[in-house]
Amino acid sequence: MTTKDLLLDHLDVTFERETWQPPLGMAVEGLTAAQAAWKPSPERHSIWQIVRHVILWKQGVLDAWDGKVQDEKELERQDWQEASGDDAAWQADLRSLRETTMQIKARVRTLDDAALAAPIPTYANYPDQTLSVRLARMATHDIYHAGQIRYIRALQGA
C-alpha cells in the first residue's frame, strides 16, 4: 500500500465510510438546524460550531497546500462561530463540509508519494510539515470531532 492509498483510505474512514467507528459525515446526518445549534451547556460548543470549526481547519489545510502561510491567531479568531439555527444555513455548512473534504480527496488522488512527502507551510513561527503528515493529522482531527458530535447527539437524544 502506498502512502497515497493509505491516506485515501484514512480520509474515507474518517469522513464517509464506517469501519469500527462512525465517520464525521455520518455523525452529522439527519440533524436539524435546531439540533445542530443545541449546546449541552452555555460554555460548551454546539455540533454546528464543531462543523464550522472543522471546515475552517480543513480550508486551512487547502491554503497551506497552496503555499499560503497561515496566521494561527487569525484562524483562532474566526473559529467557533455561533450558529443561527437557520435550516438553509445549516444545509449550506453541511455542503461546505462535504465539498471541502471531497476537494481534498480529489487533490490527493492526483499526487504521487514524492508530492505527499513534500513540505507545506503550517503556521507562522512553526516548522513546516509534509503534506502526508498534515493530511493524516486533519483526518485524525475529523474523527475526534465525529466522536464529540456523537456524544452531543446522545446527550440530546438525537
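Points worth noting:
- Separation of the range 1-40 and the range 117-149, taken as the distance between their Cα centroids, equals 16 angstrom.
- Projecting label points 7 angstrom from Cα along Cα→Cβ for Gln21 and Asp63 puts them 2.7 nm apart.
- Length-normalised contact order for the chain - Cα pairs under 8 Å, 6+ apart - percent: 36 percent
- Value in Å of the Kirkwood radius, where the chain supplies the Cα pairs that are averaged: 16.3 Å
- Listed residues Leu135, Leu111, Leu24, most fluctuating in the chain (Gaussian network, C-alpha, under 10 Å): Leu111
- Calculated [θ] (222 nm, deg cm²/dmol) that DSSP helices of n ≥ 4 give over the chain, each run adding -39,500 (n - 2.57): -20000 deg cm²/dmol
- Of all stretches in the chain that contain no GluC sites (Glu not before Pro) in a DSSP loop with at most 13 other Cβ atoms within 10 Å, the longest one is 83-158.
- Listed from fewest to most Cβ neighbours within 10 Å, the set Leu11, Leu56 follows the order Leu56, Leu11.
- Flagged links, alpha-carbon separation over 23 Å, of Lys73/Lys105; Lys4/Lys58; Lys68/Lys105: Lys73/Lys105
- Projecting label points 7 angstrom from Cα along Cα→Cβ for Ala154 and Lys73 puts them 4.0 nm apart.
Where a number appears in this text, it was derived from the coordinates with a stated rule and is not lab data. Given the structure is predicted, the values throughout are model-derived calculations rather than measurements. Every residue, glycine as well, gets a Cβ built from its backbone with ideal geometry; the counts of neighbours run over all protein chains shown.
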